[in-house]
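Throughout, read-outs are computed from the coordinates displayed, never taken from laboratory work. Worth saying up front: this structure is predicted, and the values here are computed from it rather than measured. A quick note on method: Cβ atoms are made from the backbone with ideal geometry, for glycine too, and the neighbour counts reach across all protein chains shown.
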Amino acid sequence: MSKSGLPRSLRRSGMFAALALLLALSGCGLVRDLGLAPPPLPPSLAETGRVYALVPDAARETALRRAARALGYAPDAAVPLDALDLIMVPVDLPADVSGAAAIDALEADVTTATVGVNHAYRLQSLPSVTDRRNYATTLMRWPEGGCRATGAIGLIDGGVEPSADGLSGARLSQRQFGAGSPAGLRHGTEVASLLADPRRLRNVALYSAAVLTETPDGDTRAGASALVQALDWLAAQDVRVVNISLAGPPNKLLARAVSAASERGMTIVAAAGNDRRVAATQYPAALPGVLAVTAVDARGAAMPRAVRGSHIDFAAPGVDVFVQSPFGARYVSGTSIAAPLVTARLAAGAPLDYAKLASGAIDLGREGKDPVFGHGLVQAAAACPAAPSDRVVN
């Protein structure tokens, strides 16, 4: 295998050479990376004037409520997170109390509590302006006819339109989380279609946690509290692999929920993020135990805007990927699009064997794991046992 990032057999293939020429990146709607890094923007919030506390049991919930009232705060109704063995308590604050001050005060009084503000998380996809055909299945070397899913898949995103052609063979269960008007239906449906595309994965049971909502000013986002509740619901369904194509700032509530879910055997795959000039790292991709996925084009080149860092685990096709939905077919770019292709690969070969997945990836960039591509381009040729009539798509 050469450091050009593609197997010699593929580079020598006339078919691949033609495909690479046909799909060569030509703008695709991405902002040119001029090396100008604007100052980081402050993380946006899904709510103001409120914090959330995660506590492990009813006794600590009582202690948290007592401490909040003593400080002049107003604790709201608790949200049980039974599958994660946690309880979430929203706490409203007086106008003159900042979230940071409330966090410090409550955590000082109840040391087992994790208190945080409700950060906002956003989609990580970019519509492309190209007219080239899909190459993702070929580049990842999926077996012809795809693989049979070995377990349920979880999706934390916008809602999913059940009538999508790509979901005709999937069993879909949905639940809405978060206050506000549901949003992100097109994005959620497109990601779901990538997860359940029968060319890659058959017999998919998909649990969709719709967390995106639209604000009065037209912003589409998901609060950290909605992501926490979504993880609890998926854990209760015994979902073992979950795709999150959202990204945002670090958040203690989300970190604790992800840790609890991981301890229960859940593997979370997340989009690395699309704007490295604004944020050096994005979450939940950068959390310990989460598989962070970046995007590459048909040549194996990195998407210029993708977030980079030592936390990047794997790369997958994510530039000008063809997706179909009831909203119309289009080509889309972003780490949002790359992540579900890795999630589908994991669902075809559970349980997760990280070392095997890494050793089977095509090494891109610097030799070994690097901050741009991680371990490299995930491959699916060995994702499932091939029938005698199967052949690998290349």
At 7 Å along the Cα-to-beta-carbon direction for both Ala95 and Ser181, put a label point, then send me their distance in nm to one decimal. 2.8 nm
Which of Arg202, Arg345, Arg69 comes first, and how do the rest follow, when ranked by fewest Cβ neighbours within 10 Å? Arg69, Arg202, Arg345
In Å, the Kirkwood estimate of hydrodynamic radius for the stretch 50-117 over Cα pairs equals 11.5 Å
Report the calculated FRET efficiency for Asp165 and Thr62 (r = Cβ-Cβ distance, R0 = 51 Å), to the nearest 0.05. 0.50
